[in-house]
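**Q** Below: one structure in structure tokens.
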Amino acid sequence: MSTATKADPATPAGSANPLHARRPLGDRGFQILALASGLLVLVILVLITYTTAQQSTTWFSGGFKDIFQVAFDGNTRFGAMGVLYGTVISSVIGIIIGVPVSVGIALLLTQVVPARWARPFVYVIDLLAVVPSVVWGLWGIIVLVPWLQKIYLNIASGVKGIPVLDALFGGSNVGASFFTAGLILAIMITPIITSLSREVIATVPDIDKEGAYALGATRWEMIRGAVWPHSQGGVVGAILIGFGRAMGETIAVALTIGASVEVTPHLFYTGQSIAAIIALQFGEATGGEFRSALIGLGLFLFVLTILVNLVARWFVERSARRARGE
């Protein structure tokens, strides 16, 4: 007489082999595809770095003396400091103007305006984020530059002789300047920072906000004590992503920053940026050190944007660890 073997109730039904030992072919194929896609991105980054560095060896072979000079005229002087200064200063101006507006709009849409009223504004902001940069540049050079030129002249005459302010906003100008390019960049990056910040702020648990209200906090105290600690890492990451976008902007900056290459504290003076000078002069660079210098500037910008994105990633991960109490 045969005896039936009773199954252990603690053993799951089916095969006792580990799940990873009998994974479906589709799961393994997806894992391989995802791994290959990730490695492909790294390979592309390495190839971009290698090829641009190889094409700019003529410029780098001149030593750091030529690289760190200011002038860039396309003939005998190929300095990087002037265009690097223009890239950084215009991007910083854009961040200073755009960040308060972006974070304020994100808080308004998530904490103040009811969801049914906020939805149309969200759609408009998302649409502004995809407007081509050449459209912003044309609007800036046709509408904004002539209008701002009069304002710049009034400001320059008003601060004449005042220390610091005269150095920043004094002097003659023609409308296209560091500040104009920074203003255009602020308008361009505001929808991006707003959308990312809004998504981050929307993840704050309702129980945290309700707990703050239950303790007698005002709306501002609730935002400062419950919303901001939870979302500050993501908001900072959104700001740095916007900063990286501003540094890499090309056509809009090329149309509104001017054409001179110099390092000056006057924000109403014309200047030049890395992306703009590459777009404007690469067609004229048929070879030699001129072409090598432009490619080297592109390598500078590529490395700089990667560093900014790495810093943004570090801020987000650091905030996540702090939220987990690690």
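**Q** Name the one entry in G82, G98, G94 that is in contact (Cβ under 8 Å) with a residue 12 or more places away in the chain and in contact with a strand residue (DSSP E or B) (Cβ under 8 Å, 6 or more places away or on another chain).
**A** Result of the check over G82, G98, G94: G82.
**Q** I'm checking my understanding of the structure. Among residues of segment 127-162 that are under 29 Å from T110 (Cα atoms) and in contact with a helix residue (DSSP H, G or I) (Cβ under 6 Å, 6 or more places away or on another chain), which one is modelled with the highest pLDDT?
**A** W136
**Q** Answer yes or no: is there a residue in segment 290-302 that is modelled with pLDDT under 85 and either in a loop (DSSP other than H, G, I, E, B) or acidic (D, E) (or both).
**A** For segment 290-302, residues modelled with pLDDT under 85 and either in a loop (DSSP other than H, G, I, E, B) or acidic (D, E) (or both): absent.
**Q** In segment 289-311, what residues are more than 13 Å from the chain's Cα centre (by Cα) and among the hydrophobic types (A, V, I, L, M, F, W, C)?
**A** F290, A293, L294, I295, L297, L299, F300, V303
**Q** Among G248, G298, G233, G244, which is the only one that is in contact with a Ser or Thr (Cβ under 8 Å, 6 or more places away or on another chain), under 30 Å from A80 (Cβ atoms) and open to solvent by less than 20 Å² (accessible area, probe 1.4 Å)?
**A** Exactly one of G248, G298, G233, G244 is in contact with a Ser or Thr (Cβ under 8 Å, 6 or more places away or on another chain), under 30 Å from A80 (Cβ atoms) and open to solvent by less than 20 Å² (accessible area, probe 1.4 Å), namely G244.
**Q** Answer with yes or no whether T110 is more than 17 Å from the chain's Cα centre (by Cα), open to solvent by less than 50 Å² (accessible area, probe 1.4 Å) and farther than 13 Å from I193 by Cα.
**A** When the stated conditions are applied, T110 passes them.
**Q** Of the numbered conditions (1) of a type in the set (G, A, S); (2) within 23 Å of V101 (Cα to Cα); (3) at pLDDT 85 or above, S319 satisfies every one except a single condition; which is it?
**A** (3)
**Q** Then there's this: Just for helices (runs of 4 or more DSSP H) wholly inside segment 107-194: which have at least 1 residues that are touching a Pro at 6+ places or on another chain (Cβ under 8 Å) and in contact (Cβ under 8 Å) with a residue 24 or more places away in the chain?
**A** 115-128, 165-169
**Q** Another question, then. In segment 204-220, what count of residues is obtained for those that are in contact with a helix residue (DSSP H, G or I) (Cβ under 7 Å, 6 or more places away or on another chain) and not in a helix (DSSP H, G or I)?
**A** 2
**Q** Quick check: is even one residue across segment 199-209 surrounded by 14 or more Cβ atoms within 10 Å (Cβ to Cβ), farther than 29 Å from L255 by Cα, among the hydroxyl-bearing types (S, T, Y) and under 25 Å from the mean Cα position of the chain (by Cα)?
**A** No, segment 199-209 has no match at all.
The values are calculated or read from the model by the stated rules, or taken from the named source; none is laboratory data. A quick note: this is a predicted structure, and the numbers were derived from the prediction, not measured. In this analysis, Cβ positions are derived from the backbone assuming ideal geometry, glycine residues included, and neighbour counts consider all displayed protein chains. Just so you know, the surface numbers come from the protein's heavy atoms only, side chains and all, with ligands and any DNA or RNA stripped out. Shrake-Rupley method; radii C 1.70, N 1.55, O 1.52, S 1.80 Å.
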